[in-house]
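**Q** This structure is in structure tokens; I'll ask about it shortly.
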Amino acid sequence: MDAMDKQFKIAEEKLVVFVVSTTGNGDYPENASRFMRWVRRKTHPTDMLTGLNYAILGLGDTNYSKYQQVPRQLDAALEHCGAKKFMKRGEADDAVGLAQFVEPWKEELWSALEPFLRQQPLEQPQPLLAEEPSAQGKGDKGEEGRETQQTQHLQEGEGEEAQEEDKKDSSLKDLTAILTGATYLTGIQAEKQVLHLELSFPRPVPYKPGDSISIKPENDVAEVDAFLELFNSTGTEQVSSEHNTAIVTPCSLREALTKYLDIMESARTHLLAYLSEHCTDAQDTQRLKHLSSSAGRFEYETAVQKRTPLRETLLAYPSARPPLLRLVEHLSPLKSRLYSISSSPLVDPSKLSIAFSVVDFPVRMAAGKTVRRKGVCTNWLQRLCKHLTDRCNAETCITAVSLLVSIERSDFTLPQDLTRPMILVGPGSGIAPFLSFLQHIRCLRSSGNQVGRITVFFGCRRSEGLESDYIYSDDLRNLVQDGTIHELFTAFSQDAEDEAGAGMWRGVRLNVAYVQDYILEKGASICESIDADGGSVFVCGDGKSMAHDVQDALISVLTKHSKRTREEAVAYLSVLQETGRYKREIWS
């Protein structure tokens, strides 16, 4: 979308279909931020886009509080400028499965497009290249010229503030970081392994508490070898952006599959349809066609989309062997992963740290078979830092590791007024950004700044022993001792189960402690911090259940201790979100 004026002019378009997502906590997608800032300007004439007919498909995740925020903002902005919506906005929820929303919406789209296509046949597509400057210069005269000038605001009229923000963002992109330290924060037998990594930079990096770091991973060499073996390829074929735009520089196929292309994601329906065209076995053709159709949607979601790498799909349909370089054209880019920064620039602006869970879990497939799935980036990082941890095989050690990273801004930031109370809820690795907050506040306090009362709620399974996942335990205790944290409440669910004695009753665990249990227990003081003292609440961590349970606990607390009805408590939390006093950074 940021290609407007370079590849298309929206004021001259008659028909546009937008597919847009909401990233982070209500943020614009990276390739749409400039466009969204431009289109939402209140100074635009209300007839600027009267010739435009549009439809919007929004992509989001209901685990996030600002679900579908960007698509809804785009819809409102286009209507304000006089554009006409020719079909209802689609809202696809990744928490349930995008396909079950997207496929019906696509079918409706073709029906809605039919009247337009009858009125005017489709023109021959033009290559998306930057246009040559007009011989008449910028802004031709007349009404057409007015529209052309309006669209030029995206490049020239965003204002000094937006342009300055772009300059700041560019200084945070494509930075070289050296991996200088790695420590396991969990016991060797913990259900999930959590690693703490330390990175250093050749010069100070202007990051802020709450920011994230974006890391571009590489595929496992063994997975690349196995993929190439299916096509009897050595990987020496030369490829470039002509084969796939994700390949940023000409290289060997092996390097492209390692660094640029995602071979571990599940095959999407359009790829299955492509594979069906290159089968030598009729049954494989029929089966792949069915899985890629709307009729086979349920089977696709249960059999293919269930974290099944492309290689396993190719093994399941051995006659599906398209030309390898043609298949490369259909592969998705290998995406960067975001990790919360757990350090403060006030400690050392040329260093930062992160913490992450190493993704490795079982998946039960059809016919009762169980297979393990591993995260691409977390397992790659684990391999890279073996030489820095005490769980290292000396024969596999590497001496120096550099990473290409970017700093991603977030609105999950400290409040402007630090003299008011803060409540931080961060179970598991959700505590990581709060370490950044707390280190920052400790530095401010040591410089004589006044800081309000800070209450921290942390939860995990085990508090100690080989199965312990009490991460950053020493750091948290030190922060309590030096007065940065006023109260620390820790909930250990498996420890509580052991203490229950009775263990299970009718399939329910007894006396299990989670962070939401402590929120309910401390409800009076929480309500006082929020209501009477103007405090803020921050929640970070898993969105599958924790975030919902914590929100329900907060609603119960506000209902019980502030004499609000449940509906009033829900509305009050919404107001706190809008004013930045209730922030959530969650993931599914």
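The values are calculated or read from the model by the stated rules, or taken from the named source; none is laboratory data. All figures in this text were calculated on a predicted structure; none of them were measured in a lab. All Cβ positions, glycine included, derive from the backbone under ideal geometry; neighbour counts span all protein chains shown. Quick note on the areas: whole protein, heavy atoms, side chains included, nothing else; ligands and nucleic acids left out. Shrake-Rupley method; radii C 1.70, N 1.55, O 1.52, S 1.80 Å.
**Q** Between a residue in segment 50-70 that is more than 27 Å from D542 (Cβ to Cβ) and any residue that is surrounded by 21 or more Cβ atoms within 10 Å (Cβ to Cβ) and β-branched (V, I, T), which pairs come within a Cβ distance under 7 Å, given they are 6 or more apart or on different chains?
**A** L52/I10; I56/V20
**Q** Which of the residues belonging to segment 183-228 are open to solvent by 10 Å² or more (accessible area, probe 1.4 Å), part of a helix (DSSP H, G or I) and touching a helix residue (DSSP H, G or I) at 6+ places or on another chain (Cβ under 9 Å)?
**A** Listed by number, the residues that qualify are V221, E223, D225, A226.
**Q** Name the residue, out of R337, R307, R268, that is on the phi > 0 side of the Ramachandran plot, out of contact with any His (no Cβ under 6 Å at 6 or more places or on another chain) and modelled with pLDDT under 95.
**A** Numbers: R337 fails: on the phi > 0 side of the Ramachandran plot; R268 fails: on the phi > 0 side of the Ramachandran plot.
Only one candidate passes the filter, namely R307.
**Q** Right, here's the next one. Please work out if N232 is assigned to a loop (DSSP other than H, G, I, E, B), crowded, with 18+ Cβ neighbours inside 10 Å and modelled with pLDDT of 95 or more.
**A** no
**Q** Here's a check for you: in segment 322-342, which residue that is closer than 21 Å to V359 by Cβ and of a type in the set (D, E, K, R) is surrounded by the fewest Cβ atoms within 10 Å (Cβ to Cβ)?
**A** K335
**Q** Related question: With (1) touching a His at 6+ places or on another chain (Cβ under 9 Å); (2) open to solvent by 60 Å² or more (accessible area, probe 1.4 Å); (3) modelled with pLDDT of 95 or more as the list, and R254 as the residue in question, which single condition is left unmet?
**A** Failing condition for R254: (1).
**Q** Hey, could you check segment 265-293 for residues that are surrounded by fewer than 16 Cβ atoms within 10 Å (Cβ to Cβ) and charged (D, E, K, R) and say which is nearest to G97 (Cα to Cα)?
**A** Only one residue tops the list, namely E277.
**Q** Quick check on my filter: what residues within segment 67-114 are under 22 Å from K544 (Cα atoms), surrounded by fewer than 20 Cβ atoms within 10 Å (Cβ to Cβ) and not hydrophobic (A, V, I, L, M, F, W, C)?
**A** Once the filter is applied, which keeps residues that are under 22 Å from K544 (Cα atoms), surrounded by fewer than 20 Cβ atoms within 10 Å (Cβ to Cβ) and not hydrophobic (A, V, I, L, M, F, W, C), segment 67-114 yields Y67, Q69, E91, D93, D94, G97, Q100.
**Q** Within segment 1-48, which residues are assigned to a loop (DSSP other than H, G, I, E, B), at pLDDT 80 or above, polar (S, T, N, Q) and surrounded by fewer than 16 Cβ atoms within 10 Å (Cβ to Cβ)?
**A** The answer is T43, T46.
**Q** crowded, with 21+ Cβ neighbours inside 10 Å, aromatic (F, W, Y) and more than 14 Å from the chain's Cα centre (by Cα) - does that describe any residue in segment 49-58?
**A** yes
**Q** Would you check if there is a residue in segment 532-544 being assigned to a helix (DSSP H, G or I) and open to solvent by 60 Å² or more (accessible area, probe 1.4 Å)?
**A** Filtering segment 532-544 for residues assigned to a helix (DSSP H, G or I) gives 532.
From the residues that got through so far, the ones that are open to solvent by 60 Å² or more (accessible area, probe 1.4 Å) too are 532.
The answer is yes, given that some residue of segment 532-544 is assigned to a helix (DSSP H, G or I) and open to solvent by 60 Å² or more (accessible area, probe 1.4 Å).
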